[in-house]
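Please treat every number below as a calculation from the coordinates, not as lab data. Everything numeric in this text was worked out from a predicted model, so none of it was measured. FYI the Cβ positions are ideal-geometry reconstructions off the backbone, even for glycines, and counts take in every protein chain you see.
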Amino acid sequence: MKFKGLKAFLDTSRDVKLLILSGFFLGFGFTGFGLILNLYLKALGYGEGIIGTFLSVRTLATMIVTIPAAFLMRRWRLKPVMLVSSALAALGALLVVYFPQATWIAAGMIIVGLMGSFSGVIGGPMIMKGTTYEHRPFLFSINFALGLVSGIFGNLLAGGLPDILARYGYSLEQGYKLSLLVHVAITFLAVVPIFFIKTERVVENHTGHFFHVKTPWGKILLLSFPHVLVGLGAGLTIPFLNLYFRDKFSLTPTGLGVLFSVVQVLMIAGTLVAPYIASRWGRIKTVIVFQLLSVPFLFILSIAVNVWLSIAAFLVRGTLMNMAQPLVTNFSLEQTHEHDHPLMSGIMTVAWLASWGVSANLGGALIEKLGYFWPFNFTLAAYILSSAAYFFLLLPMERNRSSR
């Protein structure tokens, strides 16, 4: 039993492994980029409100294109799409760094968001296609965990570079800029594994009406609804956690990089353990339990005045909230027809990102005017509501499937 996760990875198809490797470089680059971006924009003189707007613009672009991308991936060949989207995403990030005017920053974020929409409809269906039913929960978790590993490298490098450069006379703004450029360069490496992928299409049966859907729309919407609530809560606070620790406790970029890397190490451990727990409890029950356990730690973050208490709450919350999330993706795709896997992935992405984008814009404005107490507690309420949605909407689906 303890080697089941490793066996799931070894038995998966070569193309899925290449896809995961490509995602590793993207995660490395864009995680570090995201850690420093807010600090860089703040150093340029932008407030939390406009920073939230930039994040929302990227999210809106992804949201608009994701569903069309899901239908297009039934017809388009996989490799050219992945090559072009990965390269253009990196170029969009370059615009943000080289042209600090608000218009150019927004344009770069739009390009990153547009290109990111394709990865959102490819990864899940590829894993479903390249693995067996028994191994899928483990591989979804391994894929998520490896993404976190890449994020650790990204956070450590992004957090350390500005401090190192400062010792050689670079200003804080220059250090942020050079760190961002290094991470953009790393994202370009994502195209290398893609050249070796042989899978032609995510969905083999790409004939028939372009917009034909084989899964009932009502079921698709029910599967997506909890993502809306999670996204509404997450957008209010999660994009601003780096600013929270810097503004409230004066953490340095190096400190932020270490902190965000530690939470990702804990999330990796939790993510790899979650499939074993789910094999006993069921996937949706596992999600509900750990999500609810994370809620008290959000309240602690909202009221804490001690840095170590805040750090402890941040680490525990991040681990509990995220460890079972790959199980939701796996469950939702299994509940839909194979023909609709790209669409289901796309709708889940849109459900989360649309709500996240709206609340990120609102969260930045609320933090700027009121501080962090109310945004954290609004996030807390949204997570409780999403747990209720999992319980009343998705848990019955899982039980019905198990009883067959």
Whole-number value, in Å³ per residue, for the convex hull of the alpha carbons of the chain is 128 Å³
Taking every eigenvalue of the Cα gyration tensor of region 312-404, multiplying by 5 and rooting it, what semi-axes result, largest first, whole Å?
30, 17, 12
Net charge dipole size for region 317-404 [Lys, Arg +1 and Asp, Glu -1 on Cβ; Debye, nearest 20]:
240 debye
Measure nothing fancy, just the Cα-based angle from helix 102-130's long axis to the longest principal axis of the chain, in degrees from 0 to 90, nearest 10.
30 degrees
The chain, relative contact order [Cα under 8 Å, separation at least 6], %:
29 percent
Distance between modelled label sites at His337 and Asp11, nm, 7 Å Cα→Cβ extension
2.8 nm
Given the DSSP H assignment, sum -39500 (n - 2.57) over each helix run of at least 4 residues in the chain and divide by its residue total; what's the result at 222 nm in deg cm²/dmol, nearest 500?
-27500 deg cm²/dmol
Whichever lysines have a C-alpha closer than 18 Å to that of Lys248, once near sequence neighbours (fewer than 8 apart) are set aside
Lys42, Lys369
Any idea what angle helix 136-167 forms with the longest principal axis of the chain, computed on alpha-carbon atoms, 0 to 90 degrees, nearest 10?
10 degrees
Can you give me the three principal axis dimensions of region 193-305 from its C-alpha atoms, in Å, biggest first?
59, 38, 29
